[in-house]
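Working notes for the structure below.
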Amino acid sequence: MFDDRTFRDALGHYASGITVISGLTAAGTPTGFTCQSFYSVSITPPLVSFSVGVGSTSYPLLRDIGRFAVNVLAGDQHELASQFARSGADKWEGVEWSRSTNGSPIIAGSLMWLDCDLHAEHPAGDHFMVVGRVVQMSPREWHTGEPLLYFRGRFHHLSPTWEPA
């Protein structure tokens with residue numbers, strides 16, 4: 001058998017991109033959190049998913065409004081990722097953002113973004129698996145640069161080793 005730390009360390013050997021899940025509360029203030037457990041679910045219909053801890057204080061605010069944006073962070077946004085991972089601080093201090101047509105906060109300089117309506121939520125152990133239906137996304141010209149990656153508990157950048165022919 002294994003303990004929680006051993007399991008977490010093993011999972012840390014899977015590199016993932018870093019996102020900030022964001023939304024506007026019913027009061028109109030932005031909320032959000034750093035999330036590395038984001039992935040695509042379906043092309044038709046366009047569905048994506050992320051997992052969030054049941055103890056999150058930000059996610060219930062998004063659940064209440066029924067929509068959110070996924071901001072995929074660029075390689076130079078590691079400080080932003082750390083800022084949105086903290087509890088109890090003003091996560092939006094100094095963050096440049098605009099509203100999507102759906103009203104969700106879109107973070108300036110992000111690699112790409114998806115604007116979603118909440119489609120489904122499933123309890124899964126100490127997390128919720130959240131499925132969103134994509135209603136809008138960043139334009140193609142927005143998609144430049146490299147992603148911020150998370151591997152073995154640290155932020156990393158891509159370092160291409162080969163190019164396909």
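The values are calculated or read from the model by the stated rules, or taken from the named source; none is laboratory data. What you see is a predicted model; the values in this text were computed from it and never measured. Note that each Cβ is placed from the backbone with ideal geometry, even for glycine, and that neighbours are counted across all protein chains shown. Accessible surface areas use protein heavy atoms only, side chains included; no ligands, DNA or RNA. Shrake-Rupley method; radii C 1.70, N 1.55, O 1.52, S 1.80 Å.
The table below lists the values:
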| read-out | value |
| --- | --- |
| Charged-residue dipole, Cβ positions (Lys, Arg, Asp, Glu), the chain about Cα centre, Debye nearest 20 | 160 |
| GluC sites (Glu not before Pro) lying in DSSP loop within the stretch 28-121, provided at most 12 other Cβ fall within 10 Å | 93, 96 |
| Neighbour count of at most 14 Cβ within 10 Å plus DSSP loop: longest chymotrypsin sites (Phe, Trp or Tyr not before Pro)-free window in the chain | 15-161 |
| Accessible carbon and sulfur surface of the stretch 15-130 relative to its total accessible area, %, 1.4 Å | 53 |
| Listed residues 89, 15, 108, most fluctuating in the chain (Gaussian network, C-alpha, under 10 Å) | 89 |
| For a label point 7 Å along the Cα-to-beta-carbon line of residue 151, residues of the stretch 16-42 with backbone N under 14 Å | 16-18 |
| The chain: calculated mean residue ellipticity at 222 nm from DSSP helix runs of at least 4, using -39500 (n - 2.57) | -3500 deg cm²/dmol |
| Å² per residue, accessible surface of the stretch 1-82 at 1.4 Å | 53 |
